[in-house]
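Read through the structure below, which is laid out as structure tokens, and then see the notes.
The values are calculated or read from the model by the stated rules, or taken from the named source; none is laboratory data. All figures in this text were calculated on a predicted structure; none of them were measured in a lab. We place every Cβ from the backbone using ideal geometry, glycine too, and count neighbours over all the protein chains shown. The accessibility values were calculated without ligands, DNA or RNA, using every heavy atom of the protein model including side chains. Shrake-Rupley method; radii C 1.70, N 1.55, O 1.52, S 1.80 Å.
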Amino acid sequence: MSHPVFQKGCLVDAAAIDSEAGLEIGSGSGYVICSLALLLQQLGAPAQLYATDVNVEAAKATLGTLRMHSVDTVDVVLTDLVTELQPRLNGMVDLLLFNPPYVPTPDGEVGGGSISAAWAGGDRGRRVIDRVLPLVPQLLSPRGEMLMVTVHDNDPDGLGQRRQVLLPGPQLWQQPPSAHTCTLVAADGWKVVPTVGAAKDITAAILLAVEDQERTEDLAALWENHVDTEFVEKDADEAVATMVPDAAVNHMPTMTGGQGMENLRSFYATHFIPKMPEDVNLTPIDRIISNDSVVDEFVFEFTHNVTMDWMLPGVPPTGRKVRIPFVAIIKFEGDKLKAERIYWDQASVLVQVGLLNATGLPVTGVEQASRGGSSA
């Protein structure tokens, strides 16, 4: 995640203007450009927006953020700064957003392939900033504005003088900069917004953001490992080994599952793993991860050729195919699963196995999975 929270707020709040063509250089997670697109939609001022990043994983993250929010007004371009967009966008950008790698670091850390490229700014934190500034007058439209995050170490006074050379215009107004200031450089002046702390705290905040990103990746891996113990290894002992001693599992439609190590081991060994059809298939739809939880949405598909104690207790095999959307909410405690709550539409399952006639009832069958699997 290359945009700490306080930076995001600065740029998003400052970008609340009417814009017909917008560009963010270095989109990272996609938070800023996505927020701008949604804001412009709310204002009834749709615009064509562009987001660039030199890191392929960042570009993928931006695309994921945009898709999650159903935003289709942003083109994501994998490029160094704006190389692939010039000269096509020259003179057309009404709003240019730039959250640069501004933290002072050794020059050797600038532009690497790791996450540090999101903050490593080299001498005075200016190496990337100084590459972008000459491009600004080429890109901006006559009414264009540029908003850029800087800190005291970047020498805002010097940036202001250089801005005047590149973009002659009104006299600058600037609050005396300090290490507690997040400065937004605009083509028509300076806008200064208080942030959360001193320059050293900015670095700490970025590192915390990186830790949060690593944590979400860890949780995804832990959850997928747990699923593998159930569906690939089919080992009850391995499954409970991924959980805390007082973990709880609840399949909410049927109230099956258990709590505590011994109950869960018995449940997995007796009622879940051996009662799972061989042709089970899980198709991912969406996933949301926080610091201590994972929410997974997927389509669960199988042939009902065994008695499924956990899903259809007491129902003999019908031989019918079933496709049903599932939602799994997983809570973690450290690196162990604390709780699983699994939801699905049991009425749809009963329709699909022939135990419920949907005629005249507000229920659906397999078509529910088709709609769910479309991410609509």
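Miscellaneous remarks
- The slack in the chain from THR364 to GLN138, taken as 0.36 nm per residue of separation less the alpha-carbon distance, amounts to 75.7 nm.
- Under 9 Å, Cβ to Cβ, from PHE302 - net charge with Lys/Arg +1 and Asp/Glu -1: -1
- At R0 = 22 Å, FRET efficiency that the Cβ-Cβ distance of VAL232 and LYS331 yields, to 0.05: 0.45
- The fraction of accessible area contributed by carbon and sulfur in the range 288-376 is 55 percent, rounded to a whole number (1.4 Å probe; ligands and nucleic acids excluded).
- Expressed in units of 2.2 N^0.38 Å, where N is the residue count, the Cα radius of gyration of the range 258-331 is 1.25.
- Over all other residues within a Cβ to Cβ distance under 15 Å of ARG323, the charged ones net out to -2, with Lys and Arg as +1 and Asp and Glu as -1.
- Once the Cα-Cα distance is subtracted from the 0.36 nm per residue extended length, the GLN86 to TYR343 segment shows a gain of 87.6 nm.
- Volume in Å³ per residue [convex hull over Cα atoms, computed for the range 30-85]: 64 Å³
- Globularity ratio of the range 207-333, using Cα Rg and 2.2 N^0.38 Å: 1.11
- Convex hull volume per residue in cubic angstrom - Cα atoms of the range 294-372: 103 Å³
- Ranked by how many other beta carbons lie within 10 Å on average, peptides 44-53, 21-30, 354-363, 271-280 from highest: 21-30, 44-53, 271-280, 354-363
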